[in-house]
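Taking it in order: structure first as C-alpha cells, then the write-up.
The values are calculated or read from the model by the stated rules, or taken from the named source; none is laboratory data. Since the model is a prediction, treat every value here as computed from it, not as a measurement. Backbone-built Cβ (ideal geometry, glycine too); neighbour counts: all protein chains shown.
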Amino acid sequence: MDEFLKKNLELYVFNAYIFFMNKYNKTKTSVFNVGYHLIWCPKYRRKVLVKDIKIRLIELLKEKANEIGISIEKMEIMLDHVHLFVKAHPRISPHKIVQQFKGYTSRILRREFKMLRTRIPTLWTRSYYLESVGHISEKTIKKYIEDQKKV
C-alpha cells in the first residue's frame, strides 16, 4: 500500500473512532445510544411549577439523574408540565426512570413547599408520555423542548 493511502486510511479510521466514541456510550460488554423524551404534569394540570418550586425541581431532577446514572440532555420546566430528554443505560427501564424522578421530586417538593400540600392531593398525575428517540430525531426533540418557552 502506498504511503498516501496508508495515511488517509489511518486518518479515516481515527475520525470514525472519534465520531463513534462521542455519539455512543459503552460498557465492557455493550455499546448503546438510548434516549427518551419524557413529559409529565402536576395533578389537575395545575400551574404550580413556578419560581422557587421550578428552581428546586431542576436541582432535584439533576440530583436524581446523577444518582441513578442518567444523563439529562435537555430539560424544560413549564408552568404545568415537565419536558425531559434523557439518555440512559438500556438496563434501566423507562418506567423506572419516570418513577424515580416523580417519586423523589414529589416527596421533597411537597415537604418543602406547603402550597403543594394544600392546593393538590398529590404533586404529579399517575400518567406520563414517553417516546424513545433515535439518532435521526434527537435534534428535533431537543429543538421541540427548547421551543416550548416560545409557546
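Just give me the residues in segment 46-60 being touching a residue at least 40 places away in the same chain (Cβ under 8 Å) and either not aliphatic (A, V, I, L, M) or not assigned by TED's automatic domain parsing to the domain that holds S106 (or both), in sequence order.
Result: R46, D52, R56.
Are any residues in segment 97-113 basic (K, R) and closer than 17 Å to C41 by Cα, and if so, which ones? Please lay out each step first, then the result.
Applying the first criterion (basic (K, R)) to segment 97-113 yields 102, 107, 110-111.
Within segment 97-113, K102, R107, R110 qualify.
Residue under question is V98, and the condition is that it be within 22 Å of T122 (Cβ to Cβ), touching a Pro at 6+ places or on another chain (Cβ under 6 Å), among the β-branched types (V, I, T) and assigned by TED's automatic domain parsing to the domain that holds L116; does it hold?
In short, no.
So which helices (runs of 4 or more DSSP H) are wholly in segment 48-151 and hold at least 1 residues that are surrounded by 13 or more Cβ atoms within 10 Å (Cβ to Cβ) and in contact with a Leu (Cβ under 7 Å, 6 or more places away or on another chain)?
Passing ranges, in order: 51-68, 94-112, 114-119.
Identify the single condition in (1) more than 26 Å from Y24 (Cα to Cα); (2) out of contact with any His (no Cβ under 8 Å at 6 or more places or on another chain) that W40 does not satisfy, given that it satisfies every other one.
(2)
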